[in-house]
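Novice: Submitted below is the structure of interest, expressed as structure tokens.
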Amino acid sequence: MKTFTNLTDHEIIQLFNDGQQDKAFNGIVASYGERLYWHVRHFVCSHEDTDDLLQDIFVKIWHSLPSFRGESRLYTWLYRIATNETLNFLRRQKIRSALQFESLSSEMDRRIDEDPYLDADALQRELSKAVAKLPDKQRTVFIMRYFEDVSYEDISEILGTSVGALKASYHFAAEKIKAELEKNTGGY
């Protein structure tokens, strides 16, 4: 008997189609929970926000699972949901910061510096801060390529953007990060 952590995407979908929705969902959580945690964590820079957001993401997955038609791979479908929910969360954070006359960038810097769960040296913290300052699309592409080693083809499927546009976004993001690191650390 296979455990939930080593179910293939096909087996998860088969369980769901066979009326075993709870087992299918448990398979998704076991197979993708940690990867989705780190995917979200790279964006929000806070363990607590990541945990809260991940719960919301899994609720959305649970409610959306009956509409999964298999037109994309389960992996890319899950990442699309997680990415969209995370970007929506960040947009709400920007609005909240603007209403409080605070800079979201300053708030993210503070979260990175104060996060007790982030075991990072000074350069890693500066990298996290530089990534947090990128526009949404560049940040998304950079995080998925640099930190998660997702292929451009998979990112294209997740975001619905051409591979060429993604490569350009990654290049611009890397240049901005390089400039930010040089400014804040005197080079790296």
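The values are calculated or read from the model by the stated rules, or taken from the named source; none is laboratory data. Nothing here was measured: the structure is a model prediction, and the numbers come from that model. A quick note on method: Cβ atoms are made from the backbone with ideal geometry, for glycine too, and the neighbour counts reach across all protein chains shown. Accessible surface areas use protein heavy atoms only, side chains included; no ligands, DNA or RNA. Shrake-Rupley method; radii C 1.70, N 1.55, O 1.52, S 1.80 Å.
Novice: I need the full set of residues from the stretch 11-23 which are under 18 Å from residue 67 (Cβ atoms) and surrounded by fewer than 21 Cβ atoms within 10 Å (Cβ to Cβ), in order please.
Specialist: If we filter the stretch 11-23 for residues that are under 18 Å from residue 67 (Cβ atoms), which is where we start, we get 12-22.
13, 14, 15, 16, 17, 18, 19, 20, 21, 22, listed by residue number.
Novice: Sticking with this structure for a sec: Residue by residue through the stretch 66-80, note down the ones that are over 16 Å from residue 8 (Cβ atoms) and assigned to a helix (DSSP H, G or I).
Specialist: Residues satisfying the conditions are 66, 67, 79, 80.
Novice: Looking at the stretch 7-21 only, could you name the residues that are part of a helix (DSSP H, G or I) and either more than 15 Å from residue 62 (Cβ to Cβ) or modelled with pLDDT under 90 (or both)? Lay out the reasoning, then the answer.
Specialist: Residues of the stretch 7-21 part of a helix (DSSP H, G or I): 9-17, 21.
Result: 9, 10, 11, 14, 17.
Novice: Right, next: Can you name the residue in the stretch 125-147 that is in contact (Cβ under 8 Å) with a residue 40 or more places away in the chain and of a type in the set (Ser, Thr, Tyr) and, of all such residues, is surrounded by the most Cβ atoms within 10 Å (Cβ to Cβ)?
Specialist: Taking the candidates together, the pick is 140.
Novice: Can you name every residue in the stretch 148-188 that is open to solvent by 60 Å² or more (accessible area, probe 1.4 Å) and modelled with pLDDT under 90?
Specialist: Hits for the stretch 148-188 are 182, 183, 184, 186, 188.
Novice: I would also like to ask the following. Return yes or no: is residue 46 at pLDDT below 95, among the polar types (S, T, N, Q) and open to solvent by less than 40 Å² (accessible area, probe 1.4 Å)?
Specialist: Taking the combined requirement at face value, the residue satisfies it.
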